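**Student:** Dumping the structure here so I can ask a few things about it.
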Amino acid sequence: MVDIRKEDDIERLREVAVLQDAEIGLLHERLSAMSREIEKLREEKQGRLQQELQAVKASLAKLQKIQFGVSSEKRKRDEAGQKPKKRKRRSRSGPRPQPHLEQKDVWFKLDDADRICPGCGDPLCEMGELAEESELIDVVERKFVVKQVKRQKYTCRGCGHIEAALGPDKLRGTRRYSSDFAIEVATNKYLDHLPLARQVRIMERQGLLIDTQTLWDQLDALADHVETTYLGIKHWIFGADVVGMDETTWRLMETGATKKWQMWAIRGRGAMWFALRDSRSGETAAELLESYSGWLITDGCPSYDKAARLVPGEVRLSGCWAHVRRKFVDAESNDPERAEAALNLIGKLYDVEKKARDPDEGIALMDWRRDLRETESKSILKELKTWAFNQRVLPKSAIGKAIAYMMERWERLELYIEHPELWIDNNPTERGIRGPVVGRKNH
């Protein structure tokens, strides 16, 4: 240890100074390294915060769109430079024909006091069947009647046996109300979405005094009656090579209950089948699929992967391009350039499908569709996949999530190219589920 305050040896002091200078240099290098490390950490933290901020903004925009935006998935396209479309003039082709309405002639005649000619004062005479004709669509109000059912009795004078005529057809478990009445209640509730309480008020205005429990009893009896048809529809659907499956939340209308159920929908061969369950698990999906074998088009929910393993039959899963498209639509507000590129390519896939719906005469639909997809759709898919691989995006950003969602399901999404019987998306099932969804608050 050298005390530089008392040391008189110049050489010794020079050595100390050289060593201190070297140590100071090392400290500077270490300080610079630490500064660089701190700056790197700050940039990484800032990047993560920026990424999280973008994710929050994207989630907020999505929620605002759900709450305040339009429900349509159509996008606003830039029409700059395009000629404005001329609005078509409203066609004045006359009244719309009404082939399903009953035709009834109603004659209007002058009163006796008006059958005097204003010109000469002589009486006016009818001109045979000549009349000025026009149409008037009117409404005949529905009315309820109490039919006194009288079943004629018969007796045998030989042995005294008594027999009565058969009465009107009724649903099992009902006594006072006809099957037509139950069908009317069901039609109003499930097709026109009129709650039972509202139907009670309407019926009361028309003279029928009734309560919601009675109406519900009629629906319950009708449900028992159509149970066989309900199961038959499912059997018919499962005869298809391709079915679509989807689910949506369903409120449990029970006092004090907060749990939401699920309404499952299966579509195939032009028919829809619905079922209510308390879960959206793979076990539930497998229970509904029973032993179905064939293609199943879904939105990619993990429940369907598990169901495919549990079902005794061979279930092959195919993807849905509509769900992929929605992810890029959601990302368009945050990254319009990339989202636009992906959406344009997906739009080309749908343009090909529009042509595949109408085959030329003499060419089978499946062959026509296979050729179109092979020659046109395949190259578009290749371009879209290449585009996705070349993107450098934040994983948690909306566009990053959209690309990841697409690439994770790519193998299933491209299956429809080689299998012309497959649909490009699951929209037919989603369109079929709209009816019950509109009226689910009324159940």
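**Student:** At a Förster radius of 25 Å, what calculated FRET efficiency corresponds to the Cβ-Cβ distance of C125 and K104, to the nearest 0.05?
**Tutor:** 0.45
**Student:** Which order do the peptides 400-413, 98-111, 33-46 take when ranked by the mean count of other beta-carbon atoms within 10 Å per residue, highest first?
**Tutor:** 400-413, 33-46, 98-111
**Student:** Give the peptides 336-344, 186-194, 424-432 in descending order of average Cβ contacts within 10 Å, highest first.
**Tutor:** So the order, starting with the most tightly packed, is 424-432, 336-344, 186-194.
**Student:** Separate question: Would you mind pulling out the separation of the Cα centroids of segment 370-443 and segment 113-155, in Å?
**Tutor:** Taking the Cα centre of segment 113-155 as reference, the centre of segment 370-443 is 61 Å away.
**Student:** Just to verify a number: FRET efficiency for D211 and D367, C-beta to C-beta distance, R0 = 60 Å, to 0.05?
**Tutor:** The computed FRET efficiency comes out at 0.50.
**Student:** At 0.36 nm per residue, and after removing the present C-alpha to C-alpha distance, how many nm does the segment from T155 to D111 gain when stretched out fully?
**Tutor:** 10.1 nm
**Student:** Quote to one decimal, in nm, the extra length available between K170 and N344 on full extension: 0.36 nm per residue of separation minus the C-alpha distance between them.
**Tutor:** Computed gain between K170 and N344 is 56.9 nm.
**Student:** While we're looking at this one, here's another question. Quantify, in whole percent, the carbon and sulfur part of the accessible surface of segment 262-383 (1.4 Å probe; protein heavy atoms only).
**Tutor:** Its accessible area is 48 percent carbon and sulfur atoms.
**Student:** Rounded to two decimals, what is Rg over Rh for segment 110-230 when you use alpha-carbon atoms and the Kirkwood radius?
**Tutor:** We get a ratio of 1.30 for segment 110-230.
**Student:** Could you do me a favour and compute the accessible area per residue for segment 273-330, 1.4 Å probe, result in Å²?
**Tutor:** 39 Å²
**Student:** Oh, and also: Going by average Cβ neighbours within 10 Å, how do the peptides 277-286, 292-301 rank, with the highest at the top?
**Tutor:** The densest-packed peptide leads the list: 292-301, 277-286.
**Student:** So how much slack lies between E374 and D9, counting 0.36 nm per residue of separation and subtracting their Cα-Cα distance, in nm?
**Tutor:** Contour length minus the Cα-Cα distance gives 122.2 nm.
**Student:** Moving on. So, R0 is 35 Å and r is the distance between the beta-carbons of E29 and L49; what FRET efficiency does that work out to, to 0.05?
**Tutor:** Rounded to the nearest 0.05, the efficiency is 0.70.
The values are calculated or read from the model by the stated rules, or taken from the named source; none is laboratory data. Treat the numbers as computed from the prediction; the structure is a model and nothing was measured. No Cβ is skipped: glycine too gets one built from the backbone with ideal geometry, and neighbour counts run over all protein chains shown. For the accessible areas, the whole protein counts, side chains as well, though only heavy atoms, and no ligand, DNA or RNA atoms are used. Shrake-Rupley method; radii C 1.70, N 1.55, O 1.52, S 1.80 Å.
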